[in-house]
1. Which one, Glu321, Glu14, Glu45, has the greatest fluctuation when you compute a Gaussian network model over the chain with C-alpha springs under 10 angstrom?
2. Express the Stokes-Einstein translational diffusion coefficient of segment 1-70 in µm² s⁻¹, to the nearest whole number, given a Kirkwood radius over alpha-carbon pairs, 37 °C and a viscosity of 0.692 mPa s.
3. Is the shape of segment 209-353 rounded, prolate or oblate, going by the alpha carbon gyration tensor and its root eigenvalues a ≥ b ≥ c, with a/c under 1.5 for rounded and a/b larger than b/c for prolate?
4. Can you list the residues of segment 119-155 with backbone N under 14 Å from a point 7 Å past the Cα of Leu39, pointing along Cα to Cβ?
5. Report the charge-dipole magnitude of the chain in Debye, nearest 20, computed about the Cα centre from +1 at each Lys and Arg Cβ and -1 at each Asp and Glu Cβ.
6. Distance in nm between label sites at Leu24 and Trp56, each 7 Å beyond Cα in the beta-carbon direction?
7. Return the sequence-ordered ³J(HN,Hα) values of segment 395-405 in whole Hz as given by the Karplus equation 6.51 cos²θ - 1.76 cosθ + 1.60 applied to θ = phi - 60°, using x for Gly and Pro.
8. Considering the Cα positions of segment 105-194, please state its Rg to one decimal place and its Dmax as a whole number of Å.
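The values are calculated or read from the model by the stated rules, or taken from the named source; none is laboratory data. Everything quoted here is computed from the prediction, not taken from an experiment. Here the Cβ positions follow ideal geometry from the backbone for every residue, glycine too, while neighbour counts run over all protein chains shown. Note: accessible area is taken over every heavy atom of the protein model, side chains too, but ligands, DNA and RNA are not part of it. Shrake-Rupley method; radii C 1.70, N 1.55, O 1.52, S 1.80 Å.
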Amino acid sequence: MEHILTSKRQQLAETFRSVGKWLLVALITGAVSGPLGTLFHMTVEFSNQLFNEQAWLIWLLPVAGLVIVLLYNITDMSKSAGTDEVIGSVRTGHHIRLVMAPLIFISTMLTHLFGGSAGREGAALQLGGSIGVKVGHLLKFDNRDMHIVTLCGMSALFSALFCTPLTAVFFAIEVISVGVMYYAALLPCMAASLLSYAIARLLGARPMTFTAVIPEASWDTLWRVSLLAVLCAGISIVFCLAMRESHRLFSKAFPNPYWRIAVGGVAILLLTLLSGSRDYNGSGMEIVYNAVNNGTVVPAAFLWKMLFTAVTIGCGFKGGEIVPTLFIGSTFGCVAGGLLGLDPGVAAAIAMITMLCASVNCPVACIILSIELFGSQGLLLFAPACIISYILSGNYGLYHEQRIMYSKLHAQYINRPVK
């Protein structure tokens with residue numbers, strides 16, 4: 001009996017030590033990520049605003065691209081895979097370098113300032129991952145704990161940047177390996193995310209807000225939403241293929257990264273002139289708001305944004321794919337929803353979340369995101385749509401290092417890379 005009691009006491013002490021360790025990690029990463037995420041958010045917003053006010057900045061996009069390539073070369077980061085490197089590091093144990101943080105901060109700002117079409121979550125994951133790895137090194141963690149502390153940093157930065165603390169947690173632990181969730185990371189990720197979110201709000205960051213009112217589910221609405229989800233899964237596959245092929249074609253045609261990004265910058269400039277609009281440069285969040293809140297968009301907007309983003313990221317500019325995915329989903333949904341007999345604004349909201357789910361293979365995170373953005377009243381529409389798009393998107397995804405660990409249709413271990 002004494003032996004059993006001693007063993008129980010040791011287990012309890014070990015549990016408290018682990019909890020204390022991870023709360024310390026969460027405190028450090030959250031305290032650093034909150035201000036940094038807010039600063040990055042304000043920098044990107046200012047860059048987009050300045051670009052919209054100063055039309056001549058688009059002419060300097062090729063020059064900005066050359067500066068980005070130069071920065072990565074002089075820091076010996078020219079072969080960095082960006083967000084994919086962070087995702088891969090969690091699974092393989094490869095340690096990412098702290099220099100990734102200032103590099104992605106500056107290069108994403110330059111991309112937005114001069115009119116490249118990109119998002120910001122790629123920077124959030126890279127900034128957060130870099131912070132997490134540095135914290136792990138300072139605390140002398142082993143490889144197993146480094147995986148969790150990297151996820152902790154990703155959650156905290158994502159939370160500060162988008163002001164969606166719950167989505168940040170589940171996205172970080174779900175995006176690495178489809179079908180496997182890192183539950184050991186729940187406590188530190190949640191604590192870091194909430195602290196980072198609180199600091200960001202205190203510093204003036206504001207969450208995305210939409211006025212669209214999602215109706216209650218009915219059978220008539222549900223079949224229309226289900227069909228919309230099927231279409232979004234198809235669009236997501238096209239977008240993933242466009243992103244993949246764009247990078248391959250640019251690399252093949254222009255092996256020299258300076259030529260590659262300069263030509264890409266000129267291509268974006270020409271596309272801007274051809275489209276006759278600057279709506280597809282930068283993040284384009286104002287178009288997302290317009291689609292969801294007002295239900296009005298240019299019918300071909302989702303195609304233009306897909307092309308702009310594929311060229312921007314494919315030639316070497318930095319940023320992320322999530323915000324462009326939200327743009328493509330909301331504008332496509334606004335158009336398709338009207339044809340399916342849905343309210344265009346409601347369809348835009350559902351397609352925005354559904355398109356994201358199909359593209360990043362994170363159904364739980366996307367369902368939670370729908371609640372954080374639109375409340376729980378539309379859950380019975382968002383959840384089925386996310387599940388349908390997740391299944392029908394197959395093995396496609398935006399992140400090359402993401403792996404499909406378990407089949408989406410069978411209880412079968414497959415361990416395949418995304419296409």
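1. Glu14
2. On the way: Rh = 17.0 Å.
Estimated diffusion coefficient is 193 µm²/s.
3. prolate
4. Residues 127-128, 131 qualify, since their backbone N sits under 14 Å from the label point.
5. 860 debye
6. So the two model labels end up 5.5 nm from each other.
7. For segment 395-405, the Karplus-derived couplings read 9, 8, x, 7, 9, 4, 7, 5, 10, 8, 6 Hz, x marking Gly and Pro.
8. 13.6, 42
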